[in-house]
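> The structure under discussion is supplied below as structure tokens; questions concerning it will follow.
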Amino acid sequence: MAHELDEFEDGLIARFRAHPVLANVAGLPESRFHEVLLQRRFLSLAFTPAYDLAIDLLTDERSVRIARVILREEYPGEDGRSLSHREEMKEDILRLGVPRADLVTSRPTRATLAAITATFELISEAGAREHSDAGLLTVLRFWGEVLVAVEYEQLWQRIGPVLGEGSTFYLPHKVHDAKVRPLAEFSPLASTHSDQLGVQLWQALGSAAEQACFKRTEEAIVRIKTAFYDQFTAN
């Protein structure tokens, strides 16, 4: 069963990675690449409220604690001297050549707003269902960590040659969000957010109904994220 779920998930990851925009980041015109970065920024800004909503609905206390730790990492330091992850993203975007004026005037498109709204709805629906923790942990891990690392890994085709080790947002996130271990592989050494949440998620997938919830939720997440990137395929 563990192999089947990992195989299912890895298939979804491969399908998402093959999206025409993500698979051809290196070939995007500069203006379109900038558009992707600016619109993707709005999805990132929705990360913290999505985590907060899921934390409110989770019932397993250990899962709540893990989610809290991940959420609080977004705002390091207590004296106001450290940049938040969102500020680091802004700095990376500007260093990639996006004019500040474009950042200032950017607004979420209809497709971007739809992706954000659909994500919040998915979290609320997961919390209302019988196997709520299985659904909520799937959203946090797959939407907020696993596929984020896939996105940034693909975007790195353009980001890496410009920023390299100087990237303070995209490089760390493509590393510490990634799925490294299979779902069923318990390890106290789990270091990425995906694997930390994966340990808890695996414990919540004990029944056929919970496993079906996992699959249904992951498929919905891929649809949401695919629809977001579809907006950049139009001429």
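What follows draws every value from the coordinates through simple rules; no lab data is involved. Since the structure is predicted, the reported quantities are computational estimates derived from the model, not experimental observations. Ideal geometry is used to build each Cβ from the backbone, glycine not excepted, and the neighbour counts take in all protein chains shown.
> Between 62, 81, 129, find the one with the highest GNM mean-square fluctuation for the chain; connect C-alpha pairs within less than 10 Å.
81
> Dipole of region 1-137 (Lys/Arg Cβ +1, Asp/Glu Cβ -1, origin at the Cα centre): which of 99, 14, 117 lies farthest to the positive side?
So the residue furthest toward the plus end is 99.
> Can you compute the charge dipole magnitude of the chain about its Cα centre, using +1 on each Lys and Arg Cβ and -1 on each Asp and Glu Cβ, nothing else charged? Give it in debye, rounded to the nearest 20. Each step should come with its number before you reach the end.
Numbers: 26 positive and 35 negative charges, 143 e Å.
Charge dipole of the chain: 680 debye, to the nearest 20.
> Sum -39500 (n - 2.57) across every DSSP H segment of at least 4 residues in the chain, then divide by the residue count to get the 222 nm mean residue ellipticity, nearest 500. Walk me through the numbers before you get to the answer.
On the way: 13 runs with 160 residues, N = 235.
Value at 222 nm, helices only, nearest 500: -21500 deg cm²/dmol.
> Treating the angle as unsigned and between 0 and 90°, give the value, to the nearest 10°, between the Cα long axis of helix 208-230 and the longest Cα principal axis of the chain.
The two axes meet at around 10 degrees.
> Provide the gained length on full extension for the span residue 124 to residue 216, in nm with one decimal, where the gain is 0.36 nm per separating residue minus the Cα-Cα distance. Numbers along the way, then the final one.
Details: separation 92, 0.36 × 92 = 33.12 nm, distance 1.48 nm.
Taking residue 124 through residue 216 to full extension adds about 31.6 nm, to one decimal.
> So for region 23-108, taking the charge dipole from beta-carbon charges (+1 Lys/Arg, -1 Asp/Glu), which of 82, 36, 67 sits furthest toward the positive end?
Of the candidates, 36 comes out farthest on the positive side.
> A follow-up question, please. Extension gain residue 3-residue 26, at 0.36 nm per residue separation less the Cα-Cα distance, in nm? Display every interim value, and only then the final one.
Numbers: separation 23, 0.36 × 23 = 8.28 nm, distance 3.34 nm.
Residue separation times 0.36 nm, minus the Cα-Cα distance, leaves 4.9 nm.
> If you don't mind, there's one more thing I want to ask. Can you tell me the orientation of helix 2-17 relative to the chain, as the angle in degrees between its alpha-carbon axis and the longest Cα principal axis, to the nearest 10?
That works out to roughly 20 degrees.
> For helix 147-163, report the angle its Cα long axis makes with the longest principal axis of the Cα atoms of the chain; keep it between 0 and 90° and round to the nearest 10°.
Approximately 30 degrees, to the nearest 10.
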